[in-house]
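Report on one structure; see the data block that follows.
The values are calculated or read from the model by the stated rules, or taken from the named source; none is laboratory data. It should be emphasised that the depicted structure is a prediction, and the values quoted were computed from it without experimental measurement. In this analysis, Cβ positions are derived from the backbone assuming ideal geometry, glycine residues included, and neighbour counts consider all displayed protein chains. Surface areas here come from the heavy atoms of the whole protein model, side chains and all, with no ligands, DNA or RNA. Shrake-Rupley method; radii C 1.70, N 1.55, O 1.52, S 1.80 Å.
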Amino acid sequence: MADKAADKSMKENRWLLENPYRKDFPIFRSWEGAYLDSAATAQRPACVIQAEQTFYERHNANPLRGFYDLSLEATDCYEKARRAVQEFLHAAHPEEIIFTRNTTESLNLVAYSYGLHNLHAGDEIVVSILEHHSNLLPWQMVSARTGAALRFLECGPDGTVTDEQLSEAITERTKLVAVAQVSNVLGSLMPIEKIVKLAHEQGAAVILDAAQSAPHLPISVQELNVDFLAFSGHKLMGPMGIGVLYGRRELLEKMPPFLTGGEMIASVSRREAVFAPLPQKFEAGTVNAAGAAGLQAAIEYLQDIGFEEIQRREEKLTEYVLRGMEEIPHIHVLGSKKAKEHCGIITFTVDGVHSHDVSSILDTDHVAVRAGHHCAQPLMEYLGVPAAVRASLYLYNTAEDADRFLQSVSTVRRRMGYGE
Amino acid sequence: MENRTFYNAVLTEHNLHPMYKHDLEDADFTLEGVNPSCGDHITLKLKITDGVITGGAFVGDGCAISQASADMMLELVIGRTQKEAVRLSDIFLRMIKGNASEQEIEELEEASALRDISHMPARVKCAVLGWHTMKEILKEASGTADQ
Ligand SMILES: Cc1ncc(COP(=O)(O)O)c(C=O)c1O
């Protein structure tokens, strides 16, 4: 990088160096690297860690089971978290929020409970070629078991979808459309409004995988008018092991339980059971109440800062990284040229160097990135890149992280034995 | 700030300019080795005459470690007996686990350049791909020889 240009952009991005949020994350007190793998899992602020601990220290009992005060308190914490998620997603009713372990479980719940009971031979399931395996394999299963055909919504190399591609994929045979709002490889945005409109015109349900969007964009399920939505707590700075499924109440009410057992029944005799109403019908067994409390803390932390600020920071930093990468020869960034269309995700290849070798070299410089196929093999195949490196940013990243990354990336080919 | 990597000159040389990465016509044994989790794969071909590895080559795709390791391995074993090749691959596999003596590691010649992989658990399977594949072939070869 030319020193003058670097100097200038450094000045412009001075405020990125002064990141007021980084100190909220205890991990950065002991781990001194550049954490650029937030799309895999985010770091957690102290308030989230504290909320989980407080649940165990002060409110712990099995929620929904005991009639004593502590159990009622635990139930209260858990239900408060549900209402925080409801508000976060702008859902109409708290019972439309089902707690799961993660996005994968939420999507499987819909596949097993809705998919298997509503799809038949002759129907079509539409998924995009961008999908994470978590939003592909459950539909492959539904297709195999029901005889419904699996159809792919194609996209351009930058992840954009044309109206023709949409109307080609979504037809009168479509009964279900499952798409990611933001691609975990390209960071690109799907035109959800258009997809929902087309799908609903055909009477098809829309399932939105919000794993990569919920951490970065405000979401209103009522405005988007989707039928189901899934996200993971751990990608938006919440604890691991807590995830969410939103479902439209009329649909959830008609669906059979996914898992059966304790906590999800109204009454049980020797031969049959009457299932509990929503949302308990879908929350069999002891729930992750501490995780839910942690998720609530993460949501409140996000809301205090505001998505506007989060997006402004991410976009500036993404812009800085993209510009820096343009100056390094033999680097190819996948997806859009515009920082806005990356949602903090920068996936790239280095000519002649395998992605695992790139990430190993970056690791020696204490830069944490992800390498490989990113659980999106159909997309990688379509793009013609079997493996790539992904750097992903979040609000705690600084220009210093970006510089460390750029510096390291610029040395990769040399360190792999290529002349300049 | 640039830290030393285990991508030393010997490793990168074998990766960028492999001697044995090509097809081998009329090989006696061909076997594919794959690491499904990372997609590294090689197809290893050996010629074996009277218990001696008289020729070998590989084709494949994957990270520098998997490809360079296969190249170093062939350089080491071609011209040696099957038994000797098995013994050397055992040393190599132990070196990668951090369990080989200095004296043993010296016997591996250029393949000793991979010794630092023992500190990189995530990359061990890349380094051993070729060697495991060769051991499989040698097992089969000694089976047929015994008959
Ligand atoms: C788009 C997308 N969908 C689904 C998932 C799966 O999330 P989880 O592993 O939390 O279930 C991920 C994350 O890896 C993702 O990026």
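Label positions at A:Q53 and A:E172, each projected 7 Å from the Cα along the C-beta direction, are separated by 6.2 nm. When chains B and A come together, the accessible area they lose, probed at 1.4 Å and totalled over both chains, is close to 1500 Å².
Accessible surface for the protein assembly as shown, divided over its residues, is 43 Å² per residue with a 1.4 Å probe. By the Kirkwood approach, averaging reciprocal distances over each pair of separate Cα atoms, the stretch B:2-141 gets a hydrodynamic radius of 14.8 Å. Oblate is the label for the stretch A:142-254. Its Cα gyration tensor axes, ordered a ≥ b ≥ c, give a/c of at least 1.5 and b/c at or above a/b.
Relative to the longest principal axis of the C-alpha atoms of chain B, give the angle of the C-alpha long axis of helix B:124-146, reported between 0 and 90° and rounded to the nearest 10°. Rounded to the nearest ten degrees, it is 10. If you count only protein heavy atoms and use a 1.4 Å probe, how large is the accessible surface of A:E73, to the nearest 10 Å²? Ignoring ligands and nucleic acids, A:E73 comes out at about 70 Å². For the residues of B:56-69, the average number of beta carbons from a partner chain within 10 Å of their own beta carbon is 3. Placing R0 at 60 angstrom, the Cβ-Cβ distance between B:R87 and A:H366 gives a FRET efficiency of 0.95 after rounding to 0.05.
Would you please give the FRET efficiency between A:Q140 and A:F307, computed as 1/(1 + (r/R0)^6) with r the Cβ-Cβ distance and R0 = 45 Å, to the nearest 0.05? Working from the Cβ atoms, E equals 0.85. Students often get this wrong: which residues of the stretch A:158-179 have the backbone nitrogen under 20 Å from the point 7 angstrom along Cα-to-C-beta of A:L251? Within reach of a label on A:L251: A:166-167, A:169-179. Of the peptides A:147-154, A:177-184, A:43-50, the ranking by mean beta-carbon count within 10 Å, highest at the top, reads A:177-184, A:43-50, A:147-154. Would you mind getting the Kirkwood hydrodynamic radius of the protein assembly as shown from its Cα pairs, rounded to one decimal in Å? Taking the inverse mean of 1/r over all distinct Cα pairs, the protein assembly as shown comes out at 26.3 Å. In this calculation the C-beta distance from B:D61 to A:D69 is compared with R0 = 51 Å, giving a FRET efficiency of 0.20.
Note on the stretch B:1-77: Kirkwood hydrodynamic radius from all Cα pairs is 13.3 Å, rounded to one decimal. Computed from Cα atoms, the angle from the helix B:64-77 axis to the main principal axis of chain B rounds to 50 degrees. In whole percent, and with a 1.4 Å probe on the protein chains, what portion of the accessible area of the stretch B:1-77 is carbon and sulfur? Roughly 49 percent of what the probe reaches on the stretch B:1-77 is carbon or sulfur.
In the stretch A:108-190, the portion of solvent-accessible area held by carbon and sulfur atoms comes to 51 percent [1.4 Å probe, whole percent, DNA, RNA and ligands not counted].
Where a ≥ b ≥ c are the square roots of the eigenvalues of the C-alpha gyration tensor, would you call the stretch A:49-303 rounded, which needs a/c under 1.5, or, failing that, prolate if a/b is larger than b/c, or oblate? Note, shape of the stretch A:49-303 comes out oblate. Which loop trypsin sites (Lys or Arg not before Pro) in the stretch A:225-292, with loop taken from DSSP, have no more than 12 other Cβ atoms within 10 angstrom of their Cβ? The qualifying sites are A:R270, A:R271.
Calculated on the alpha-carbon coordinates, the convex hull of the stretch B:72-133 measures out at 71 cubic angstrom per residue. Starting from a Cα-only point model with no solvent, please compute log10 I(q)/I(0) by Debye for the stretch A:30-147 at q = 0.09 1/Å. Those come out to -0.43, one per q.
Burial of accessible area (probe 1.4 Å, heavy atoms of protein chains only) in the stretch B:8-23, relative to its chain alone, reaches at least 50 Å² for B:L16.
For the segment A:348-360, counting C-beta atoms of other chains within 10 Å of every residue's C-beta and taking the mean gives 5. The GNM of chain B, with springs linking C-alpha atoms under 10 angstrom apart, assigns the highest mean-square fluctuation among B:A85, B:A122, B:A100 to B:A122.
Secondary structure note: in the stretch A:49-303, about 45% of the DSSP beta bridges are antiparallel. Compared with the dominant principal axis of the Cα atoms in chain A, helix A:355-364 is inclined by about 70°.
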